[in-house]
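Taking it in order: structure first as structure tokens, then the write-up.
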Amino acid sequence: MSPLMSGLAMLVALFALLAVGTPIAFALGLVAMGALFAVYGAFFLETVGEQFFGYFASFSLVSVPMFILMGAAVASSPAGRDLYEALDRWLNRVPGGLVLSNLGACSIFAALSGSSPATCAAIGKMGIPEMRKRGYPSEIAAGSIAAGGTLGILIPPSVTMIVYGIATETSIGRLFLAGLLPGLMLTIYFMIWTIIACKRRGLGLSELTERFTMKQRFAALPRVLPFLAIIVGVLYVLYGGVATPSEAAGVGALFCLILVAVVYGIFSKSWKFRQMPVILRDTLKESVMIMLIIGASELFAFALSSLFITQSIAGAIAAMEVNRWVLMGVVNVFLLVAGFFLPPVGVILMTAPILLPIITGAGFDPYWFAVILTINMEIGLITPPVGLNLYVINGIAPDISLGAILRGSLPYVICMVLGIVTLCLFPQIALFLPDLIMGPSL
């Protein structure tokens with residue numbers, strides 16, 4: 001069997017396992033082991049352990065559970081509610097200001113948690129009932145939160161970016177910087193669309209009559225500012241050369257735990273110390289899931305390389321001799337379709353090591369490509385059949401149908417596609433900060 005046919009057989013087997021509900025880590029591992037056994041026999045068993053566990057020796061992996069712990073600590077507190085209330089007081093004079101408040105809260109909470117589902121859950125629990133109470137249609141209330149939650153995997157610090165950096169051996173600090181301006185750009189696109197849609201439908205106009213004094217607006221900030229300070233602090237120690245990503249993640253997680261305990265546990269009594277075991281349990285579960293996927297994907301990549309599948313795919317694409325933007329278009333369609341069926345971490349770990357040599361060979365920047373890939377994964381989070389954020393929102397508001405949530409999310413998908421086009425036209429949006437702060441990449 002030729003390498004390309006072997007690769008196709010492995011892909012069919014992988015999707016067959018995923019279709020019957022096999023967890024992605026086990027599906028990757030089983031397909032890799034089956035392919036290696038079919039070609040090399042039992043001899044390959046000597047290398048399985050080394051390939052699976054060898055990748056865990058990377059110190060960069062320490063940042064994954066630490067950033068997850070940081071997000072779990074913030075998600076366990078009323079920080080999402082406070083973010084929402086503070087922004088609502090500042091944006092209530094804008095048409096559709098309540099939706100804008102939710103989008104702004106999503107972008108800030110995304111930076112704290114690095115997780116899209118956590119962002120959806122934290123902001124949605126407060127924002128969706130409030131928007132519906134003030135007359136916003138269910139699809140706008142749910143769709144805006146589902147879309148805003150996707151920012152969690154783009155705005156730094158992002159667990160998805162860390163996984164990409166580990167998979168491609170690129171700088172995590174540079175990846176974080178590359179995602180910052182595109183994340184803000186998407187937030188602005190979301191807000192512009194929201195203002196246009198709400199103004200056309202006459203939504204949120206009643207909020208214009210409600211006024212908050214400057215005293216009331218500033219009174220909402222003390223609980224929010226410490227968490228914003230953590231974001232700034234983590235980014236400063238990363239880019240100021242003070243600490244590595246793993247060290248910054250550890251310090252950020254510690255300070256988040258302390259702030260949650262002090263601000264919400266001691267002062268407002270809205271957080272209980274008995275929640276700590278739950279935070280640690282959730283962190284452990286998500287971290288182990290990601291680690292298993294990383295180990296299995298490394299074994300899968302080893303199988304692809306050993307059977308010369310990766311090299312053959314790269315050679316076949318290079319032999320196409322098409323314009324590099326046509327190539328990028330094909331890659332985007334592939335990533336978009338993959339994101340419809342697989343979670344972001346799985347797609348990145350399976351495809352990034354294969355695609356990166358092709359992309360860089362065509363003259364594209366690997367950090368710019370990381371942002372393009374991540375936005376494609378964001379689209380997958382709010383589109384069926386997987387659409388993780390859709391199900392999170394449906395769990396928060398079960399009386400809103402998945403169809404209504406999807407209808408509310410689709411305009412934001414168009415905003416993300418526009419974001420990809422904008423980055424293709426102006427790649428410096430992603431590369432300006434990394435080049436400015438860390439110097440041009442080699």
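The values are calculated or read from the model by the stated rules, or taken from the named source; none is laboratory data. Keep in mind that what you see is a predicted model, and the values were worked out from it rather than measured. We place every Cβ from the backbone using ideal geometry, glycine too, and count neighbours over all the protein chains shown. SASA here: full protein model, heavy atoms, side chains in, ligands and nucleic acids out. Shrake-Rupley method; radii C 1.70, N 1.55, O 1.52, S 1.80 Å.
Restricting attention to the range 176-200, and to residues there that are β-branched (V, I, T) and open to solvent by 40 Å² or more (accessible area, probe 1.4 Å), which single residue is nearest to V371 (Cα to Cα)?
Result: I188.
Find all pairs meeting these conditions: Cβ atoms under 8 angstrom apart; at least six residues apart or on different chains; first residue within the range 377-397 and in a loop (DSSP other than H, G, I, E, B); second residue of a type in the set (V, I, T).
Every condition considered, the pairs that remain are I382/T150; I382/V413; T383/V413; A397/I128.
If L292 meets every condition in (1) crowded, with 22+ Cβ neighbours inside 10 Å; (2) under 19 Å from F56 (Cα atoms); (3) of a type outside the set (F, W, Y) apart from one, which number is that one?
Unmet for L292, out of (1) crowded, with 22+ Cβ neighbours inside 10 Å; (2) under 19 Å from F56 (Cα atoms); (3) of a type outside the set (F, W, Y): (1).
Do any residues in the range 280-306 that are in contact (Cβ under 8 Å) with a residue 60 or more places away in the chain have Cβ atoms under 9 Å from those of residues that are open to solvent by less than 40 Å² (accessible area, probe 1.4 Å) and of a type in the set (K, R), where the two are at least six apart or on different chains, and which pairs are they?
Pairs found: none.
Yes/no per residue for (1) within 21 Å of A118 (Cβ to Cβ); (2) outside any helix (DSSP H, G or I); (3) open to solvent by 70 Å² or more (accessible area, probe 1.4 Å):
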{"residue": "I405", "(1), (2), (3)": "yes, no, no"}
{"residue": "S409", "(1), (2), (3)": "yes, no, no"}
{"residue": "M416", "(1), (2), (3)": "yes, no, no"}
{"residue": "I420", "(1), (2), (3)": "no, no, no"}
{"residue": "C424", "(1), (2), (3)": "no, no, no"}
{"residue": "L431", "(1), (2), (3)": "no, no, no"}
{"residue": "S441", "(1), (2), (3)": "no, yes, no"}
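Tell me whether the range 261-274 contains one or more residues that are closer than 14 Å to L112 by Cα and surrounded by 13 or more Cβ atoms within 10 Å (Cβ to Cβ).
Checking the range 261-274: not a single residue is closer than 14 Å to L112 by Cα and surrounded by 13 or more Cβ atoms within 10 Å (Cβ to Cβ).
Of the numbered conditions (1) within 20 Å of the chain's Cα centre (by Cα); (2) open to solvent by less than 20 Å² (accessible area, probe 1.4 Å); (3) modelled with pLDDT of 85 or more, M328 fails exactly one; give the number of that condition.
Looking at each condition in turn, M328 falls short on (1).
Run down A16, A25 and say which single residue is surrounded by fewer than 16 Cβ atoms within 10 Å (Cβ to Cβ) and modelled with pLDDT of 75 or more.
Only one candidate qualifies: A16.
Are any residues in the range 38-82 under 30 Å from K215 (Cβ atoms), at pLDDT 75 or above and touching a Gly at 6+ places or on another chain (Cβ under 9 Å), and if so, which ones?
V74, S77 - these are the residues of the range 38-82 that are under 30 Å from K215 (Cβ atoms), at pLDDT 75 or above and touching a Gly at 6+ places or on another chain (Cβ under 9 Å).
Taking the range 240-258 only, how many residues are open to solvent by less than 50 Å² (accessible area, probe 1.4 Å) and touching a residue at least 60 places away in the same chain (Cβ under 8 Å)?
9
Can you find a residue in the range 358-370 that is open to solvent by less than 10 Å² (accessible area, probe 1.4 Å), farther than 20 Å from A167 by Cα and in a helix (DSSP H, G or I)?
no
List pairs: first residue in the range 56-79 and at positive phi, second residue not in a helix (DSSP H, G or I) anywhere in the structure, Cβ distance under 7 angstrom, at least six positions apart or on different chains.
none
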